[in-house]
Amino acid sequence: MIGKLTLIVGPMYSGKTSELLSLVEIYSLGKKKYLVFKPEIDTRYSVDHVVSHTGQKVPAITIPSASKLLEKFDDINEKLDAIFIDEVHFFDIDIIDVIKKIILKGVDVFCVGLDMSYKHRPFQTTASLMAIADEVIKKKAVCHVCGEYKAVVSHKTVNNSGSEIDVGGMEKYIAVCRECYLKLNGSL
Ligand SMILES: [Zn+2]
């Protein structure tokens, strides 16, 4: 049987990782076999765990690239039921083909990622995965400026230029709604 692909997307602080961890718990309670991966770039909270903003965590394998993820997957001697990938927007575009291969082996794949950069542009990796996903769970956050539960964009509060790949937390980013983003940035 072919596995399914589920994407959990949204801005910063929208509870994406918490959602992922509750899905991990479902597989864990069901005594299923799974692995959790995270990109090497994101070691904000932990190098060997995926940690939510609320402090929940699960052990994770830190990997530098999509090809290394596939290598690691192929090294596993037992049949996995699922893999979970945090911060998928940080991976190179090869992750699309890697995930397709894994699904064809009957493994469910769950990915968490930012759908848009702080420049309000889609992350290519997340956007492509959303297109081929069986299910997309789109989360929103509470707007840091107006307090409404409709924030869909991450706004960078410092050095608002340069690379769209710039790891950070509360010291760099807030989640805002489109109206507040427009006021802060002058354009959408
Ligand atoms: Zn707002």
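Each value in this text was obtained by applying a stated rule to the coordinates, not by laboratory testing. Keep in mind that what you see is a predicted model, and the values were worked out from it rather than measured. We place every Cβ from the backbone using ideal geometry, glycine too, and count neighbours over all the protein chains shown.
Quick notes on this one:
- Equivalent-ellipsoid semi-axes of the range 86-186, from the Cα gyration tensor, Å, largest first: 28, 15, 10
- The chain, relative contact order in percent, only Cα pairs under 8 angstrom and at least six apart counted: 29 percent
- Three principal axis extents describe the C-alpha atoms of the range 5-139; from largest down they are 42, 31, 26 Å.
- Sequence-distant residues sharing a close amide H with Cys177 (under 5 Å, placed H): His144, Val145, Cys146, Val152
- Note: the range 1-77, Cα convex hull, 120 Å³ per residue.
- Spatial extent of the range 122-162: Rg and Dmax, with the Cα atoms as the point set, Å: 13.5, 37
- Each Lys or Arg adds one and each Asp or Glu takes one away; over the other residues whose Cβ falls under 13 Å from the Cβ of Cys143, this sums to +2.
- Protection proxy ranking of 134-140, 73-79, 163-169, 32-38, by the mean of other Cβ atoms within 10 Å over each peptide's residues and highest first, is 32-38, 134-140, 163-169, 73-79.
- Efficiency of FRET between Ser163 and Ser22 - r from beta-carbon atoms, R0 30 angstrom, step 0.05: 0.40
- For the chain, built as a Gaussian network whose Cα springs stay under 10 Å, the top-fluctuating residue of Ala82, Ala131, Ala141: Ala131
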